[in-house]
């Protein structure tokens, strides 16, 4: 069996990647920041490392690691990380975002594009799992759901939010099966639903009466900037949500094409996370 290193093993996707690989009998290493507090499935080796300190990955990659699942946590890009992966491993599956391809001389707009370019130039066999927004992002509504009202802008924005387990399953397929080299998989949910419908489904599945209250974009800009601390990110989100009111977030059949089954619905995601809203 191939030894696989999971970088981002405690993340919302990475923990499912680890569990699925372990269940299938693969030799799995989980990269964590603190081995003493790490919780991993039986048989999984936890090793300490930090992408912000690339040389700390040497030990994790030693000893026959042939494939790597890579999640980048939003810290500054460290090209040395990709160099070290290429030095030790043969294949990398990178959890990216729905980004456009860039030519070698184009400046990256976001860090995912820069990391993808580093991987493409590394000599590694690679697969990019380009995930649409996670369904888990609506956990940001949890406090409002408990109070019975979701106050948010652009209720008509139609989203194709994806279950983190579908992302993990596609990544595991790319790590363990042939035929995925050079693929750029855009992974989405199975349908595009407006924000108002997402809130209604949460209410139904949690047994909570949830009312939608439309928030003016100007008010949302002020409140979200104060909460998130990043005005540029807030602005980009508001522009995206506004665009989804007239052009829904796209839906792909990637999950079905890769796994031979439909993508999990948003309703199924809520059922899996109902306690997080209560």
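I need the shape label for region 183-278. Rule: rounded when a/c is under 1.5, else prolate if a/b > b/c, else oblate, with a, b, c from the alpha carbon gyration tensor.
On the way: a/c = 2.06, a/b = 1.26, b/c = 1.63.
Note, shape of region 183-278 comes out oblate.
Tell me which label goes with the value of Rg and Dmax of the Cα atoms in Å computed from the coordinates here: [x] 20.0, 66; [y] 18.7, 61; [z] 19.4, 55.
Computed from these coordinates, Rg and Dmax of the Cα atoms in Å corresponds to label [z].
FRET efficiency for residue 259 and residue 106, Cβ-Cβ distance as r, R0 = 30 Å, nearest 0.05? Each step should come with its number before you reach the end.
Values: r = 33 Å, r/R0 = 1.08.
Given R0 = 30 Å and the Cβ-Cβ separation, E is 0.40.
Can you give the FRET efficiency for residue 184 and residue 62, using 1/(1 + (r/R0)^6), R0 = 30 Å, r = Cβ-Cβ distance, to the nearest 0.05?
On the way: r = 30 Å, r/R0 = 0.99.
The calculated FRET efficiency here is 0.50.
So for the chain: antiparallel DSSP bridges make up what percent, rounded to the nearest 5?
Values: 3 of 38 bridges.
Of all bridge pairs located within the chain, approximately 10 percent are antiparallel.
Output the peptides 148-161, 35-48 sorted from most to least packed, where packing is the average of other Cβ atoms within 10 Å over each peptide's residues.
Answer by packing, highest mean first, reads 148-161, 35-48.
Give me the angle, in degrees from 0 to 90, between the Cα long axis of helix 217-228 and the longest principal axis of the Cα atoms of the chain, rounded to the nearest 10.
Compared with the principal axis, the helix lies near 40 degrees.
If you average the sequence gap of Cα pairs under 8 Å that are 6 or more apart and divide by the length of the chain, what percent do you get for the contact order?
Details: 527 pairs, mean separation 47.1, N = 278.
About 17 percent, as a whole number.
Could the peptides 257-263, 97-103, 192-198 be put in order, highest first, of the mean number of other beta-carbon atoms found within 10 Å of their residues?
With the highest mean Cβ count within 10 Å placed first, the list reads 192-198, 257-263, 97-103.
Report, in degrees rounded to the nearest 10, the 0 to 90 angle that the Cα long axis of helix 79-88 makes with the longest principal axis of the chain.
The angle comes out at about 50 degrees.
If you look at just the Cα atoms of region 3-131, how large are its Rg and its Dmax in Å?
Values for region 3-131 (Cα only, Rg and Dmax): 14.1, 45 Å.
Measure nothing but the geometry: give the 0 to 90° angle between the long axis through the Cα atoms of 195-206 and the longest principal axis through the Cα atoms of the chain, rounded to 10°.
Long axis of 195-206 versus the principal axis of the chain: about 80 degrees.
Specify whether the C-alpha gyration tensor of region 99-244 places it in the rounded, prolate or oblate class, a ≥ b ≥ c being the square roots of the eigenvalues: rounded for a/c under 1.5, otherwise prolate if a/b is larger than b/c and oblate if not.
It comes out oblate by the Cα gyration axes.
So if each residue of separation counts as 0.36 nm, and I subtract the Cα-Cα distance between residue 97 and residue 211, what length gain in nm does that give? Please report the intermediate quantities before stating the final value.
Details: separation 114, 0.36 × 114 = 41.04 nm, distance 3.10 nm.
Here the segment from residue 97 to residue 211 would lengthen by 37.9 nm.
Starting from the 7 Å offset along Cα-to-Cβ, what nm value, one decimal, do you get for the label separation of residue 80 and residue 23?
My value for the distance between the label points is 3.8 nm.
Between residue 146 and residue 275, how many nm apart are label points set 7 Å from Cα along the C-beta direction?
1.5
Measure off 7 Å from each Cα along the Cα-to-Cβ vector at residue 191 and residue 247, then give the distance between these two points in nanometres to one decimal.
Label at residue 191, label at residue 247, 2.4 nm between them.
Relative contact order for region 99-188: what is it in percent, counting Cα pairs under 8 Å that are at least 6 residues apart?
40
Using alpha-carbon positions, what is the distance between the centroids of region 25-88 and region 127-179, in Å?
First find each Cα centre; the distance between them is then 24 Å.
Quick one: among 134, 111, 233, which has the greatest mean-square fluctuation in a GNM of the chain with alpha-carbon springs under 10 angstrom?
233
A short reminder: the numbers here are calculations on the coordinates, not readings from a lab. As the structure is a prediction and not an experimental result, all values here were calculated from the model. Quick reminder, even Gly has a Cβ in these numbers, built from the backbone with ideal geometry, and neighbours come from all protein chains shown.
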